[in-house]
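S.K.: The structure under discussion is supplied below as structure tokens; questions concerning it will follow.
The values are calculated or read from the model by the stated rules, or taken from the named source; none is laboratory data. Since we're looking at a predicted model, the values are computed, not measured. Cβ placement follows ideal geometry from the backbone for every residue including glycine, while neighbour counts extend to all protein chains displayed.
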Amino acid sequence: MHPAIHLKNGMNKTGPMDPKKQILDRIRSIRQAPKPYPPQAIESQETDLVEAFTGMVKLSGSTLLRFEDQQTMIDEFVKAGHPVNEWVSTWDPLISMGASEAGKFTDARKVISCAVLPGKFGVAENGAVWVPEEAMGQRTIPFLAEHLILIVHAKDLVATMHQVYAVNQPGSYGLFIAGPSKTADIEQHLVLGAQGPLAHTVILLG
Amino acid sequence: MKVGLFIPCYIDQFYPQVGVATLELLEHLGCEVVYPPGQTCCGQPLANTGMEKAAQPTYDHFQEVFSGFDHIVAPSGSCVYHVVHHYPVESRPQGKVWELCDFIVNHLGVTQIAASFPHKVGLHPSCHGLRGLRLGPDSERVEDRPDVVRTLLASVSGIELVDLDRRDECCGFGGTFAITEEAVSVQMGLDKISDHQRHGAEIITGTDVSCLMHLEGLIRRQGLPLQTRHIAEILNARL
Amino acid sequence: MSQHPEAAARFIADNERMAWHDRSIWNARKKRDLASHSIEEWEQLRSWASDIKEHTLAHLDHYLEVFEKQATANGVKVHWAATAEEHNRIVLGILRENEARHMVKSKSMLTEECHLNPFLEANGIEVIDTDLGERIVQLREEIPSHIVTPAIHLKKEDVSKLFEEKLHTEPGNADPTYLTREARKHLRAHFLACDAALTGVNFAVAETGTVVVVTNEGNSDLGVHLGKVQIHSMGIEKLIPKWQDLGIFTRLLARSATGQPISIYTSHYTKPRPDVPMHIILVDNGRTEQLSREHFRKSLACIRCGACMNTCPIYRRSGGHSYGSTIPGPIGSILTPGKDLKKYSPLPFASTLCGSCSDVCPVKIDIHDQLYRWRQIIAEEHLLPKYKTIPLGLAGRIFARGKRYDQAGRIARWWLRRLPAWMVNSRLNAWSKHRDLPNAPRNSFKEWYEQNRPHGS
């Protein structure tokens, strides 16, 4: 019943056995009927993307702000007394207003009060935003910032995860972010701000 | 239509009134019912303990006793599930084996029963009927499926069906589980009963006497103001 | 030998705590119901996920090779480990090669299964589990009691006491937000000081060589991006063929696990950072053996959402530790017997076969049918206790003959009617400890029938 036991140390009579060969050989020795890859036809759903996305973002404990366009956002939000020079960003308009370039941030010990990053796609069914590596400057930024702001264009909203995986690319690294870091590991009490950002804002443009 | 009546062993021995109600109900609905006398048990207690091989003679006996019937009906979802799901294909009887409510609704096409039962009733949908035979929609899956048990109960005059907090959680009987995992089994049963009590049920009913026997045992030991009735007894409570 | 009934009875003896455990996990089940019932095509997604997993398992050799090729092309070093020991030695080798002594680790049931922590610690490596729940059980020197919420068995007061002792938090302060913030400070210091990070893997995409890790806390990424070397340990069954398949699995996973529409972070690691080595370890450790068992193969489709634990009425009332296995609950009870049938033979019996686990499972593993199958094998291997085999063997002989059965029934009922109540409902027999036996009627149904329908119907 346990043939594996004899090979426990990856050794056989002739010496050390290549574990890759061992694993693949074992799989190939098992008789299995071929199973076809299932056909899938995922229909795009008729939903109001903005309404659904907005609702899901708020549900995750995040703030959602919506502006007509980039200029309105700068005028009404950025210029409303925010300490832009303490921010970190990869977004040129903010860098030109005094935010630090995320790519040049070197000391992980230094507190980042706020990072503002452009997201590439927003997913209406769950409020997640796809952030590729290029948008981060460096991979630590979305996690070290105490407040993370992601900017998404309304035209980049898709209905479901099926649609987003049809257009996003693996790149080197990328992730979906769907709210502030959270945990419910202590007696199932939801606590926002577990290890990453304490607060999360999504700015929807258009 | 000739129907072979299968009365599971624990009903035969301990709850004959459930067998009588099933027989009378089917006769009332116009069936010609025959009870083959040599019948014993479906073998589930053995097989669920892992002793399928020791159960094989019981399977063979079942097949022999019920040969020659196009339809075999039993007042138990669990025993029927065992025969149709766990018997080796070659040991299954030729005819179709039905749980009672399933037979009434899906074979006889009857959804209204002229019965009267003016009580507050909680339904315990036993797991093998619900998730095994799919007699209704369970709370786990996302599907629209008619609920044969509820349909029949709801047609009974004067009955008031109560809602539960956990409508289809297992009662904890589980055959030999009731003995080998006594502590969990009892706790599950007590929790089930208090759900029914909280919602004002006077009677707990269901398709399986096995679950009800477990709940009744707890109710009686605790002296609770609740009773159990097999669904056949309610459907046979004539106007 | 794992003794689930005894451990469960001890858990239930603290009745108030058991009821709290049951309620709080039932809440997760309710959230899962809300989330899944909001998706019309839920059952279709389950079918696709199940089919994709079955397809992958049927062609696992192919997809493993494709994955290795892609990941290697991405600049990742891929390792193969046939056993837990090999896996642990590979990890240690990578750490030594990179002169790493402080490793942070995000959630990985595989490394629990391999007992990686004690091995590394014995070799002078400091290992810090960074998922809050895992850190809590690590500080308590326990194993996780649940695969998604490892410290679900603990109350906030327990955590408060633990943190007071280990992290010097305010005595008596059991506020979850306060405790979480203190853990954050404590863990942040470890992230900043770490020189290596290891994660588990939720999905590995063959066609792109990507590994996907899902967390709510962000702890996987903090470690991976701050360490000098990143290691991802995965069972070989984590593979899926295509990037697009992630659409199906990410829709199912969090909804099944916690009822969230998606976890906070779904991270896709494909290529390493410049000058930071990235390693992926493909681990067998019994998986090919499970693959060879036709009836149990499908258990390898598990995506570790924990929904079967949350729904299991036995798990909720007996606690994860009662199973005595790395993975508790229904899925653990079909995976673990394959590791040591004798030791884990009580686990397939820690179920009423109610089938709820199979119906919540997002990849449609027929868990309760596999529990039933394991029971048959346990009996065949003569691992059933005599108190089961002797009476049931006798019953089997009685049930096979109508006359024998009628006679036995008559005798039993005759005694039950005559024995004094205290003896019938003796607390010495397990049925009657808390339950009355049914009243024994004078006549069986069969006898009634013979009297009332003398010529058949």
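S.K.: Among the residues in the range C:375-397, are any aromatic (F, W, Y) and at pLDDT 90 or above?
M.R.: Step one: filter the range C:375-397 for residues aromatic (F, W, Y), giving C:387.
Within this subset, residues satisfying the condition of being at pLDDT 90 or above are none.
No; the residues of the range C:375-397 include none that is aromatic (F, W, Y) and at pLDDT 90 or above.
S.K.: Further, regarding this structure: Can you tell me how many residues within the range C:168-194 are touching a Leu at 6+ places or on another chain (Cβ under 8 Å), more than 10 Å from chain A (Cβ to nearest Cβ) and more than 16 Å from A:T183 (Cα to Cα)?
M.R.: Of the residues in the range C:168-194, 3 are touching a Leu at 6+ places or on another chain (Cβ under 8 Å), more than 10 Å from chain A (Cβ to nearest Cβ) and more than 16 Å from A:T183 (Cα to Cα).
S.K.: Further question on the same structure: Restricted to the range C:377-397, and to residues that are crowded, with 18+ Cβ neighbours inside 10 Å and more than 28 Å from C:K339 (Cα to Cα), which residue is farthest from the other protein chains (Cβ to nearest Cβ)?
M.R.: Going through the qualifying residues, I end up with C:A395.
S.K.: Do you know which residues across the range C:147-187 are surrounded by fewer than 23 Cβ atoms within 10 Å (Cβ to Cβ) and either touching a Pro at 6+ places or on another chain (Cβ under 7 Å) or modelled with pLDDT under 95 (or both)?
M.R.: Result: C:K156, C:E164.
S.K.: Here is a list: C:K228, C:K238, C:K242. Which entry is under 20 Å from C:W48 (Cα atoms) and more than 9 Å from every other protein chain (Cβ to nearest Cβ)?
M.R.: Working: C:K228 fails: under 20 Å from C:W48 (Cα atoms); C:K242 fails: more than 9 Å from every other protein chain (Cβ to nearest Cβ).
Result of the check over C:K228, C:K238, C:K242: C:K238.
S.K.: Which one of A:G103, A:G193 is more than 10 Å from every other protein chain (Cβ to nearest Cβ) and modelled with pLDDT under 95?
M.R.: Details: A:G193 fails: more than 10 Å from every other protein chain (Cβ to nearest Cβ).
Result of the check over A:G103, A:G193: A:G103.
S.K.: If you scan the range B:212-233, which residues turn out to be closer than 15 Å to B:P8 by Cβ and assigned to a strand (DSSP E or B)?
M.R.: Listed by number, the list holds a single entry, B:H230.
S.K.: Mind checking whether some residue in the range B:105-118 is crowded, with 17+ Cβ neighbours inside 10 Å, more than 14 Å from chain C (Cβ to nearest Cβ) and not hydrophobic (A, V, I, L, M, F, W, C)?
M.R.: no
S.K.: Let me ask you something else. Please report, ordered by residue number, the helices (runs of 4 or more DSSP H) entirely within the range C:1-98 with at least 2 residues that are under 19 Å from the mean Cα position of the chain (by Cα) and not assigned by TED's automatic domain parsing to the domain that holds C:V201.
M.R.: Filter on the range C:1-98 gives C:4-13, C:15-37.
S.K.: Continuing with this model, one more query. Of the residues that make up the range B:81-94, is at least one in a helix (DSSP H, G or I), in contact with a Lys or Arg (Cβ under 8 Å, 6 or more places away or on another chain) and in the same structural domain as B:L29 (by TED's automatic domain parsing)?
M.R.: Filtering the range B:81-94 for residues in a helix (DSSP H, G or I) gives B:81-86, B:89-91.
Restricting the remaining residues to those that are in contact with a Lys or Arg (Cβ under 8 Å, 6 or more places away or on another chain) gives B:83-84.
Restricting the remaining residues to those that are in the same structural domain as B:L29 (by TED's automatic domain parsing) gives B:83-84.
The answer is yes; a qualifying residue exists.
S.K.: Something else about it: Are any of the residues in the range C:90-106 within 14 Å of chain A (Cβ to nearest Cβ) and more than 20 Å from C:D221 (Cβ to Cβ)?
M.R.: yes
S.K.: Helices (runs of 4 or more DSSP H) wholly in the range C:366-457 with at least 3 residues that are touching a Pro at 6+ places or on another chain (Cβ under 8 Å) - which ones?
M.R.: Numbers: elements: C:367-380, C:386-399, C:402-418, C:421-424, C:445-452.
It comes to C:367-380, C:386-399, C:445-452.
S.K.: Mind checking which residues of the range B:159-172 are more than 7 Å from every other protein chain (Cβ to nearest Cβ) and within 17 Å of the chain's Cα centre (by Cα)?
M.R.: Residues satisfying the conditions are B:R167, B:D168, B:C171.
S.K.: Here is a follow-up. Can you tell me which residue is surrounded by the most Cβ atoms within 10 Å (Cβ to Cβ) among those in the range A:147-173 that are touching a helix residue (DSSP H, G or I) at 6+ places or on another chain (Cβ under 6 Å) and facing another protein chain (nearest Cβ under 9 Å)?
M.R.: So, considering only residues that are touching a helix residue (DSSP H, G or I) at 6+ places or on another chain (Cβ under 6 Å) and facing another protein chain (nearest Cβ under 9 Å), the one surrounded by the most Cβ atoms within 10 Å (Cβ to Cβ) is A:M161.
S.K.: OK, next. Any residue in the range B:188-211 that is within 7 Å of chain C (Cβ to nearest Cβ) and either over 15 Å from the mean Cα position of the chain (by Cα) or in a helix (DSSP H, G or I) (or both)?
M.R.: At the first step, the residues of the range B:188-211 found to be within 7 Å of chain C (Cβ to nearest Cβ) are B:188.
Next cut, either over 15 Å from the mean Cα position of the chain (by Cα) or in a helix (DSSP H, G or I) (or both) only: B:188.
Within the range B:188-211, one or more residues are within 7 Å of chain C (Cβ to nearest Cβ) and either over 15 Å from the mean Cα position of the chain (by Cα) or in a helix (DSSP H, G or I) (or both).
S.K.: Being more than 7 Å from chain A (Cβ to nearest Cβ) and not in a strand (DSSP E or B): is that true of C:A197 here?
M.R.: Working: more than 7 Å from chain A (Cβ to nearest Cβ): yes; not in a strand (DSSP E or B): no.
Considered against the rule, which asks whether it is more than 7 Å from chain A (Cβ to nearest Cβ) and not in a strand (DSSP E or B), C:A197 comes out as no.
Residue-by-condition table, conditions (1) part of a helix (DSSP H, G or I); (2) among the hydrophobic types (A, V, I, L, M, F, W, C):
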{"site": "A:E51", "(1), (2)": "yes, no"}
{"site": "A:V57", "(1), (2)": "yes, yes"}
{"site": "A:G61", "(1), (2)": "no, no"}
{"site": "A:A80", "(1), (2)": "no, yes"}
{"site": "A:L94", "(1), (2)": "yes, yes"}
{"site": "A:R109", "(1), (2)": "no, no"}
{"site": "A:A115", "(1), (2)": "no, yes"}
{"site": "A:E125", "(1), (2)": "no, no"}
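S.K.: Next up: Do we have any residue at all in the range B:46-62 that's more than 10 Å from chain C (Cβ to nearest Cβ) and touching a residue at least 24 places away in the same chain (Cβ under 8 Å)?
M.R.: Going residue by residue through the range B:46-62, those that are more than 10 Å from chain C (Cβ to nearest Cβ) are none.
Within the range B:46-62, none of the residues are more than 10 Å from chain C (Cβ to nearest Cβ) and touching a residue at least 24 places away in the same chain (Cβ under 8 Å).
S.K.: Right, another one. Working carefully through the options A:G122, A:G179, find the one that is touching a residue at least 12 places away in the same chain (Cβ under 8 Å), surrounded by 22 or more Cβ atoms within 10 Å (Cβ to Cβ), within 11 Å of the chain's Cα centre (by Cα) and over 15 Å from C:S267 (Cβ atoms).
M.R.: Details: A:G179 fails: over 15 Å from C:S267 (Cβ atoms).
After applying the criteria, what remains is A:G122.
S.K.: So B:G175 passes all but one of these: (1) within 11 Å of another protein chain (Cβ to nearest Cβ); (2) in a helix (DSSP H, G or I); (3) within 17 Å of B:Y10 (Cα to Cα). Which condition number does it fail?
M.R.: (2)
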